[in-house]
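J.: I have a structure I would like to understand better, so I am pasting it below and will then ask my questions one at a time.
The values are calculated or read from the model by the stated rules, or taken from the named source; none is laboratory data. From a predicted model like this one, the values you see are computed outputs, not experimental measurements. In this analysis, Cβ positions are derived from the backbone assuming ideal geometry, glycine residues included, and neighbour counts consider all displayed protein chains. Side chains included, ligands, DNA and RNA excluded: accessible areas come from the protein's heavy atoms. Shrake-Rupley method; radii C 1.70, N 1.55, O 1.52, S 1.80 Å.
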Amino acid sequence: LFLLRLCEQNKPMKLKYYTTFFSLAGACAVATAQDSSHISQLNEITVTATKGPQKASETGKVVTILTHEYLRQNSGKSIAGILNQQAGLVINGAENNPGTVPGVYMRGAAAGNTLILVDGMPVSDASQINNTFDLNFITPDQVEKIEILRGSQSTLYGSNAVAGVINIITRKNGGRKFGVGVTASYGSYHDFQGNVSVHGNVQHFSYLLSYKHEKTRGFSDAYDSTGKAGFDKDGYRQNSLFAKLGWQASSRWNFSYLLNTGDYRHDLDEGGYKDETDYDGKARFLLNGFNTEYRFKNGSWRLQYSYQRNKRNILNDSTYVGAGAYAKYDSSIFISNTHQVETYVNWDVTSQVRLIGGGAFTSSGTEQTDDLLSTYSPVFQHTVLSPDSSHTNQTSLYASLLLHNLGGFNFEAGGRLNHHSLYGNNGTFSFNPSYLVGQHHKLFINISSAYSVPTLYQLYAAGYGNKALKPETTTSYEAGYQASVAHGRLDFRLTGFARRTRDLVIFFYDDATGFSQYRNANRQKAYGAEAEASWMIAPGLVLTANYAYTDGRITVQQNGKDSSYYNLYRIPKNALNATLGYQATKALYVSATYKYTGQRFEQANAMGDYYTLDLYGEYKF
């Protein structure tokens, strides 16, 4: 495996990610050469759009499927790095030092508004400001494919699916009685990664077990503008264990259990331009997931339960205090626990009518402690956020009706009723007609609503929390055209979208007094367009490309009057990705990937545009 990254910016700054990466691997099977396209074609099957197998041509939702072949041809990248190349997605921190918690921004929505699933089970961290899930805990070796569902999906998936859903589907165990896989790799920054896995089937039982270790010296997260300060390197090391067990009880009934647990430690800096030698963080994650599915003649019934625990320790010791440092000593602990149970039925009433109905219950809680000795005060501060006061739960019922194959016309409509322990009852809806012309052209429209409650941090955090926050309510619109032409050699999709949000939760800061707090803004508008294409130029030679334009404004009251301004921070208005890949032989694959990221803003500061170029090659023995 060979990966080389180049970068150019419109103003001088340190490039944080050059990589030359070599890998030696042993595996149990050799994959056949495939098309490297990752744009979902009309005849592909999605399991995320309707919570069950459905042809992409029969749903008007905007879904992209990243196949196992596509993931393999992006070896050496993290899950965050792979997602960062998809239309309408910005993964803040995807190319940073390992240990950075990636922020997922979809279609201009803030982090926390895109729901992450692992095998259909929601994952999050209730101790984070936006409930953000740490993608560092999912390694590419564990993943079979990824489905990206854009647009509001709250009817089927609940409150965090405001901008979309990303379903990470983990590996299957394979068809052999016993198999072993070993991978070892070494790259720049003394980055070592090792993975070992065993899998197989014994009569009605299946198993997959894997362990991964990674260690790297990394580079300094802080930028040394002088080039002479000698900032220390911020290293990273991670251990993760993944297990997937299955039991086929009968031809109709199966059970599965998923365990994903791991921990990592990473060094930190005081700020963007300030070094810190004794500041580090530790993170631990545990996911236990149980699934059972019973397939009857015209459908299926599924029950799933998951328990997640996250723990983060951040320690800024007192042995080194840099110039202008905020703290002499700071120790913080963040813990969250989340229980989720869901059951639903997919029922094909006729060959053209499907009903989906179910219910879900979620309970989340967090506890936080902080011990601080500030450089600005001699008083030692101890703050505690108790789990007795910082917890919520929500119960939901939902149903959706699907009509398909009605002379090319397809239609989906549904609704969801939620009862929240703090905010009472609320509802969402979805309306999604589409029309398929001759099996090769699809027109679609989506109108849907979403409801997002403030996070536990935004409600209860010491100094910043606001128990008077209102939930966000959103209405989303999208329309587009998708086609497969030239005998399937060219696939493309054009989509326009708009989203209106009321009572958007923002972080308020008063320059005059220094007071800060989470508050509700009046409303926000976000809108844009996406274009995606995959062109098989010649057998084995494929060009894939996508472009996204995103814009928007927020409206707040100032001095009794409405004031509007741009606030889609960290999100470029213009973004372009293009990959030219060539499967020269069954064994040899090479590609070049170009990524352009336009100008972005962080509050009032403009960040320049830039591009990256990745060169990749692999040879399978």
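J.: Just one of [x] 73, 58, 49; [y] 77, 70, 60; [z] 114, 73, 53 is Cα extents along the principal axes in Å as worked out from the coordinates here. Which one is it?
T.: [x]
J.: Related question: Summing -39500 (n - 2.57) over the DSSP H runs of n ≥ 4 in the chain and dividing by its residue number, what mean residue ellipticity at 222 nm do you reach, to the nearest 500 deg cm²/dmol?
T.: When only DSSP H runs of four or more count, the value is -500 deg cm²/dmol.
J.: Using a Förster radius of 56 Å, what is the FRET efficiency between Tyr569 and Lys620 based on their Cβ-Cβ separation? Nearest 0.05, please.
T.: Working from the Cβ atoms, E equals 0.85.
J.: While we're on this one: Heavy atoms only, probe 1.4 Å: what % of the accessible area of the chain goes to carbon and sulfur, would you let me know?
T.: In the chain, the share of accessible area belonging to carbon and sulfur is 58 percent.
J.: Here's a follow-up. Please name which of Asn136, Val349, Ser300 has its Cα lying farthest along the dipole of the chain towards the positive end, using unit charges on Cβ (Lys, Arg +1; Asp, Glu -1) and the Cα centre as origin.
T.: Checking the options against the dipole of the chain, the answer is Val349.
J.: Mind checking the log10 I(q)/I(0) for the range 185-266 at q = 0.19, 0.21, 0.22, 0.23 Å⁻¹? Debye, one equal scatterer per Cα, no solvent, two decimals.
T.: -0.87, -0.96, -1.00, -1.04
J.: Set the Förster radius R0 to 25 Å, insert the Cβ-Cβ distance between Tyr294 and Arg176 as r into 1/(1 + (r/R0)^6), and round the FRET efficiency to 0.05.
T.: After rounding, the FRET efficiency stands at 0.40.
J.: Calculate the dipole size of the range 388-517 relative to its Cα centre from +1 charges on Lys and Arg beta carbons and -1 charges on Asp and Glu beta carbons; express the result in debye to the nearest 20.
T.: Around 360 debye, computed over the range 388-517.
J.: Another one. Averaged per residue, what accessible area in Å² does the range 520-563 show with a 1.4 Å probe, protein chains only?
T.: Result: 49 Å² of accessible area for each residue.
J.: Just to make sure I understand: if all protein chains stay in place, what is the order of Tyr398, Tyr294 by accessible area at 1.4 Å, largest first?
T.: Heavy-atom accessible area, descending, gives Tyr294, Tyr398.
J.: For the range 509-621, give the magnitude of the charge dipole about the Cα centre (Cβ charges: +1 Lys/Arg, -1 Asp/Glu; no others), in debye to the nearest 20.
T.: 180 debye
J.: Rolling a 1.4 angstrom probe over the protein chains, ignoring ligands and nucleic acids, what is the accessible area of Thr319 in square angstrom, nearest 10?
T.: 120 Å²
J.: Give the accessible surface of the range 344-427 per residue, rounded to a whole number of Å², with probe radius 1.4 Å and ligands, DNA and RNA excluded.
T.: 49 Å²
J.: So which lysines pass the test for Lys51, namely a Cα distance under 25 Å, with those fewer than 8 places away in the same chain ruled out?
T.: Excluding near neighbours in sequence, the set is Lys61, Lys145, Lys172, Lys244, Lys297, Lys442.
J.: Going down the table (Lys470/Lys525; Lys282/Lys595; Lys215/Lys328), which pairs top 22 Å between alpha carbons?
T.: Table pairs above 22 Å Cα-Cα are Lys282/Lys595; Lys215/Lys328.
J.: Can you compute the charge dipole magnitude of the chain about its Cα centre, using +1 on each Lys and Arg Cβ and -1 on each Asp and Glu Cβ, nothing else charged? Give it in debye, rounded to the nearest 20.
T.: Using only the charged Cβ atoms, the result is roughly 1540 debye.
J.: If each residue of separation counts as 0.36 nm, what is the full-extension length gain between Tyr481 and Gln557 once their alpha-carbon separation is subtracted?
T.: Extra length from Tyr481 to Gln557 when fully extended: 23.5 nm.
J.: What is the spin-label model distance, in nm, from Phe380 to Tyr509 if the labels are put 7 Å beyond Cα along the C-beta direction?
T.: So the label points at Phe380 and Tyr509 sit 2.9 nm apart.
J.: Further question on the same structure: Where q = 0.10, 0.11 Å⁻¹, what log10 of I(q)/I(0) comes from the Debye formula for the range 43-191, counting one point per Cα?
T.: -0.36, -0.44
J.: Let me ask something else about it. Taking trypsin sites (Lys or Arg not before Pro) that fall in a DSSP loop and have at most 13 other Cβ atoms within 10 Å as cut points, what is the longest piece of the chain between them?
T.: By the stated rule (loop sites, at most 13 other Cβ atoms within 10 Å), 298-466.
J.: Given the C-alpha centroids of the range 298-335 and the range 338-380, what is the distance between them in whole angstrom?
T.: That distance is 17 Å.
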